[in-house]
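One structure is given here, and the rest of the page talks about it.
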Amino acid sequence: MRDVELGLMLDPVFWDKLPEVRIEFNKNILFNGTLNKTKQFLWTLPAENVNRISVFFLNKKDSDTVDKLDKAVIITELSIEGLKYDSFLHLSKYKPMYSQGYYDYAKTHNIEVTPVIHSNYMGFNGEWFLEFTWPVFTWIYETETNKLGWIYEKNI
């Protein structure tokens, strides 16, 4: 069986309009809607050799950030096969779609704008994602850099 169990917890940050998100696994849409409170997701999905779980933040505008108020989505937890290691979130990437207002601000303040960053706080529209390979327990073992003990060879 090539299924993988994935869990995801998202926290919305908003003061006016709700954040809109789309969650995909290997380009298949799992959820498309708004977040009004912390939401826990759990799926069992068919795995491929290389897999990608993605969260897309869709409706942020510059006007959604005012003083200390913001609109964002925070990925607070990711579980794979029921396991919740910090390394899963540490390996994730975020491709923000910076607004022109932010580009102007960054240029004025000599801030380097990087196209792909590590952040679980989605403060701009864009895609947060994690890629992992099958078999997933081998990937988890390799990700945890030998913290989990001995493993059989892949070809057995």
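The values are calculated or read from the model by the stated rules, or taken from the named source; none is laboratory data. Keep in mind that what you see is a predicted model, and the values were worked out from it rather than measured. Here the Cβ is made from the backbone with ideal geometry for all residues, glycine too, and neighbour counts use every protein chain on show.
Checked against (1) of a type in the set (D, E); (2) closer than 16 Å to F41 by Cβ; (3) loosely packed, with under 15 Cβ neighbours inside 10 Å, D104 passes all but a single condition, namely (2). If you go through region 109-146 and pick out every residue that is among the aromatic types (F, W, Y), outside any strand (DSSP E or B) and more than 30 Å from S99 (Cβ to Cβ), you end up with 4.
Taken together, T34, T44 contain a single residue that is of a type in the set (S, T, Y), within 17 Å of the chain's Cα centre (by Cα) and modelled with pLDDT of 95 or more, which is T34. The set of residues in region 44-60 that are in a strand (DSSP E or B) and of a type in the set (G, A, S) contains only S54. Of all residue pairs spaced 6 or more apart or on separate chains, those with beta-carbon atoms under 9 Å, a first member in region 70-86 that is at positive phi and a second member that is in a helix (DSSP H, G or I) and not charged (D, E, K, R) are E81/V136; E81/F137; E81/I140. Taking region 61-93 as the search range and keeping residues that are part of a loop (DSSP other than H, G, I, E, B) and polar (S, T, N, Q), which one is farthest from V4 (Cα to Cα)? Looking at the filtered set, the residue picked out is T65. Apart from one condition, L10 fits all of (1) in a loop (DSSP other than H, G, I, E, B); (2) surrounded by 12 or more Cβ atoms within 10 Å (Cβ to Cβ); (3) not polar (S, T, N, Q); the exception is (1).
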